[in-house]
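What follows is one structure encoded as structure tokens, with my remarks underneath.
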Amino acid sequence: MEVEITLGGVARPGTARKNKTGTWKVYMPVVDHKKCILCMRCLHNCPEPCITSVDDKIEIDLDYCKGCGICSSVCPVDAIDMVYEEK
Amino acid sequence: MKKVVEGSVAIAHAVKTIRPDVIAAYPITPQTHIVERLSEYIADGELKSEYVRADSEFSAISILVGASATGARTFTSTSSQGLALMHEVLFNASGMRLPIVMVVANRALSAPLNIWNDQQDSISQRDSGWIQLYAEDIQEAHDLTLQAYKISEDIEVRLPSMVCMDGFILTHAYEPVDLFEDEEVQKFLPPYDPKVYLTTEDPLTFGALATPEYYTEFRYVMQQAMERAKKKIRKVFTEFKEMFNRGEESLISLYKMEDADIAIITLGSLTSTVREAVDRLRDKGIKAGVVKIISYRPFPEEEIRKSLDKVNSFIVFEKDISLGHEGAVFTDVKSVVYHMKDRPSAFGFAVGLGGRDVRESTIEKLIVECIEGRKKEGFYFGDVKRVKEILK
Amino acid sequence: MMLFGPGHRACAGCGCAVTIRHVLEALEGKCFVVNSTGCMEVVSTPYPESSWEVPYIHSLFENASAVAAGIETALKSLSREHEGKVVVIAGDGATADIGVQTLSGMMFRGHDILYVCYDNEAYMNTGVQMSGLTPLGAHTTTSPAGKSIPGNLGPKKDMPAIALAHGAKYVATASMAFLADIKKKIRKARDITGPSYIQIHSTCVPGWGIDSARSVEIARLAVETGLYPIFEYENGQLVSVRKIKNRKPVEEYLKVQARFRHLFKDERGKEIIEKIQEIADYNAQYYGLDA
Ligand SMILES: Cc1ncc(C[n+]2csc(CCOP(=O)(O)OP(=O)(O)O)c2C)c(N)n1
Ligand code: SF4
Ligand code: SF4
Ligand SMILES: [Mg+2]
């Protein structure tokens, strides 16, 4: 097997994106867009971060979501439910 | 420009002509005169480097890690306890492949506290991934300082360098020295082109963590870089000789070795003493010669083996001891002759520890004892007094 | 703008990761990050990957301030200061214990560096050992709640006071529970020239023994009980504090964390809780926290 070794071990920015941490989760956030008031609290509090707002809609990138439940708990209108992820 | 100057002043002068972007240092005897003089140059506006008065040697070398990673040319100098305090960072600097250059004013390590010269400090750092060059005299220390930058900054090498000069013996002595002119240095040393460095324009990550999957390969490439450093050192030495008309072209320097039966191997300022002892022995018909190790890391394996090709025995004189075994240089030299068919007999002596004056008569006497078979092969304290140890 | 993550390996619900992304977002990526050895470094840079989208260096556990000083000095020497602010991101252990000398030297020399301590109150990376910022009563693996000693017996080291004593022009505390406040303070610190120190309370899910979903809520409780006073000093003067309406009893904060669970089991624990309440009362009085 060949490995690439850079000078002094420098790494390129943002390359950890290839590490899909979404496989970690047990519970999965599900957004009820009808309830969502677009306050952006979930987006700001996600530790990964993996929540964006696209065309006035909260979008969660489940490839990275670890299922911590922070988004659900900071939501002021209970628009995010954590549901068991069937694998 | 030939001038009689103190060793430390010669180093400071060399650094001034090299114009590092960042200098960081912390005072310790016998390095002090070097950094004091550099501070004066800066205070007088003769040197434009940024100079950081660090809170310790540990911080000084850490500051240079940051500066070097940002693409700056850097310099520091220390001794003994200071170098020991840097230990952790030394591996870090070489692992990140930062071409920092440091002058070590060699001094003994405490306890007991001792401010005088030996080489235990730098020899103890031999595994740290730094190139180590040892100077015999002030001229050589001054010259190696410049050469070290050209070697370390080469993209094929990219390892930091220590230029080791014996504390007091060289740092505080006065000798006529051919000092660099600015233009000469500009011509000899190309501007530093870091290639990879910290910048917001290309935001790289330095100092990543390597799992067992990668760590071995990082060590492997460093070992390869050390191998390439051997070639680079020869090349830089040769270029230097062409331009300045002095210095060596090899990682070692030989004296009267052409027809020698016995090789005396040493490094640093001790070489001059050994050379005189050898001259005296030659007068008595003993065919001795001197092998001076300039580059201790990378270790000049091929050169030393070749130089020992025809001798019956060799004797190493060194100013360090790996307690629990023997002198580190002695171990290294023995490893080189392992594969030889007619392996020469091997003797080694620790001398001059903690500043003990090494006389040529002592060296001469020890060599004769080895030749006359009064000593078995092995390693000895060469100049130890009779000891009555009190254990109560 | 994602300048830290995704793809990093911090535990689900890690408060420190929340803190860090907001520090970087506040600086809009115009910064050089020097990170000490610890959780945030380990989870973000397994070669050949990196979660960072700003120039980043990790050197050692205890030298981040010195490395940062070197970067700042080099930028000056190379006339590249315009590229961005030099920022240290260090854990509480790196800051209050092993790195305190390099931090002191850096502040004393007056480098233009923003020092951010993400305070998760123990050495988490090595398995939750006690640090100088571990609070009174907390169980850690080196201050375990045992039969004769009920967890950590000392208070948190007052690092902001140490920074102030060095003449740092801007010294503040913040909490991951108040993200806009973090951003405001980071920007303020960025805009002054010279050393500044910001200590940001950030949760650790396994280290504190908390439910990951309640990370933010628990961090808020630390503020609402007065245990983590949020304040700001400019030029040595206290200029603002986060006021608390109806300060909560410390039990509300303690009881939701496994690291304080032993305090609720016996008389001795009760005494410790009383002492912890005294700390909160002292903070409230000293900083004028009560609204
Ligand atoms: C000189 C040295 N001593 C000890 C360690 C082991 N070590 C690595 S990280 C760490 C704890 C880090 O604690 P903190 O700074 O609070 O960061 P956290 O892990 O909590 O994020 C320790 C003890 C080390 N790397 N270097
Ligand atoms: S569950 Fe956690 S990781 Fe997943 S989107 Fe919500 S906050 Fe982010
Ligand atoms: S151990 Fe704590 S600080 Fe470390 S990554 Fe996990 S939650 Fe974050
Ligand atoms: Mg910590």
Label residue C:191 and residue C:237 with points 7 Å out from Cα along Cα→Cβ: what is the distance between them in nm? 1.7
Spatial separation of Cα centroids for segment A:30-87 and segment C:87-112, in angstrom: 36
Kirkwood Rh, chain C, all Cα pairs: how many Å? 19.0
Between the alpha carbon centres of segment C:223-276 and segment C:153-186 the gap in Å comes to 16
Proportion of all alpha-carbon pairs of the protein assembly as shown beyond 48 Å (%): 30
Please report, in whole Å³, the volume per residue of the convex hull around the C-alpha atoms of segment C:60-131. 77
Determine the dipole magnitude for chain A: charges of +1 sit on the beta-carbon of Lys and Arg, -1 on that of Asp and Glu, nothing else is charged, the reference point is the Cα centre, and the result goes in debye to the nearest 20. 160
In what order do C:52, B:130 fall by count of nearby beta-carbon atoms within 10 Å, going from fewest to most? B:130, C:52
Per residue of chain C, what 222 nm ellipticity follows from adding -39500 (n - 2.57) for every DSSP H run with n ≥ 4, rounded to the nearest 500? -10500 deg cm²/dmol
Linear extension gain, residue B:155 paired with residue B:377, 0.36 nm per residue minus alpha-carbon span: 75.7 nm
Going 7 Å from the Cα of residue A:39 along its beta-carbon direction, which residues of segment A:55-87 have the amide nitrogen within less than 16 Å of the resulting point? A:58, A:70-81
Cβ-Cβ cut-off under 13 Å around residue C:155, Lys and Arg +1, Asp and Glu -1: the net charge is 0
Using every alpha carbon pair in segment A:19-84, what percent of pairs falls into each 5 Å bin from 0 up to the bin containing the largest distance? 4, 21, 33, 26, 13, 3, 0
The whole-number value in µm²/s of the Stokes-Einstein translational diffusion coefficient for chain B, with Rh from the Kirkwood sum over alpha carbon pairs at 10 °C and 1.306 mPa s, is 74
Within segment B:1-56, which trypsin sites (Lys or Arg not before Pro) sit in a loop by DSSP and count at most 16 neighbouring Cβ atoms inside 10 Å? B:48
Which of the cysteines found in chain A have nothing to pair with, since no other Cys Cβ lies under 4.7 Å from theirs? A:36, A:39, A:46, A:50, A:65, A:68, A:75
Where the centroid of each part is defined by its Cα atoms, how far is segment B:255-325 from segment B:352-380 in Å? 13
What distance in nm lies between label points placed 7 Å from Cα along the C-beta direction at residue A:32 and residue B:341? 9.1
Excluding the sites themselves, what is the longest stretch of chain B that contains no GluC sites (Glu not before Pro) in a DSSP loop with at most 15 other C-beta atoms within 10 Å? B:259-371
Ascending count of other beta-carbon atoms within 10 Å, so fewest first, for B:315, B:42, C:273: B:42, C:273, B:315
Are there trypsin sites (Lys or Arg not before Pro) in segment C:151-240 that DSSP puts in a loop and that have at most 12 other Cβ atoms within 10 Å, and which ones? none
Nearest 20 debye, what's the magnitude of the dipole of the protein assembly as shown about its Cα centre given +1 on Lys and Arg Cβ and -1 on Asp and Glu Cβ? 1140
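No lab work stands behind these numbers, since they all come straight from the coordinates. Just so it is clear, the structure is predicted and the values come from calculations on it, not from any experiment. Positions of Cβ are generated from backbone atoms using ideal geometry, with glycine treated the same way; all protein chains shown enter the neighbour counts.
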